[in-house]
Amino acid sequence: MAEKGKPVVSVKEDYVAVTNLKVPEHAEGDSRERIRRFAFDLCFDSSSPGSPEYASQEMVYQRLGCEVLDALLSGYNACVLAYGQSGSGKTYTMAGETAESVDKQGEPSPLRGLTPRICEGLFARLRASCSSAGPEKAAALKVKV
């Protein structure tokens, strides 16, 4: 994602900027844009773990999954759509590293994706709600996958 040490693609919270290297930096009279920005509701960069903008699976869940969970528990329908080019990380974002759901100590893997984290959060909140409401109150939930 870099040309001669200069970044070609940069990801911010709500847009992706792509630099067209065919357009010179100071192109007077050239109508082409050197930098194109594409706006999104949320953007995450997981291309380089050492980067300050790196988005871990936990960060994606905290920024997006918690909002989805709040909407679900408020009675709204919720949907997360992962859209993009082949190989861009849609399955990894949604499912995570599926080979290992728990680490060697039996703890949930930090590489699990958005879907397992939302499910874990949903059932944890329902458990907490049921235990604080007492045994006389039951909860009903319909999950459609």
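Taking the criterion of being touching a helix residue (DSSP H, G or I) at 6+ places or on another chain (Cβ under 9 Å), open to solvent by less than 50 Å² (accessible area, probe 1.4 Å) and touching a residue at least 24 places away in the same chain (Cβ under 8 Å), would at least one residue in region 94-103 satisfy it? Yes, some residue in region 94-103 is touching a helix residue (DSSP H, G or I) at 6+ places or on another chain (Cβ under 9 Å), open to solvent by less than 50 Å² (accessible area, probe 1.4 Å) and touching a residue at least 24 places away in the same chain (Cβ under 8 Å). Inspect region 58-65 for any residue being farther than 22 Å from Y15 by Cβ and not β-branched (V, I, T) and give the result as yes or no. Scanning region 58-65 turns up at least one residue that is farther than 22 Å from Y15 by Cβ and not β-branched (V, I, T). Among the listed residues S56, S48, which satisfies the condition of being open to solvent by less than 90 Å² (accessible area, probe 1.4 Å), modelled with pLDDT of 85 or more and within 22 Å of A95 (Cα to Cα)? Unique residue meeting the criteria: S56.
Against the conditions (1) at pLDDT 80 or above; (2) touching a Gly at 6+ places or on another chain (Cβ under 9 Å), P108 satisfies every one except (2). Among the numbered conditions (1) open to solvent by less than 80 Å² (accessible area, probe 1.4 Å); (2) closer than 30 Å to S129 by Cα; (3) within 13 Å of the chain's Cα centre (by Cα), the only one that C43 does not meet is (2).
The values are calculated or read from the model by the stated rules, or taken from the named source; none is laboratory data. These numbers were taken from a predicted model, which means no experiment stands behind them. Note: ideal-geometry Cβ built from the backbone for every residue, glycine included; neighbour counts use all protein chains shown. These accessible areas exclude ligands, DNA and RNA; they are computed on the full protein's heavy atoms, side chains included. Shrake-Rupley method; radii C 1.70, N 1.55, O 1.52, S 1.80 Å.
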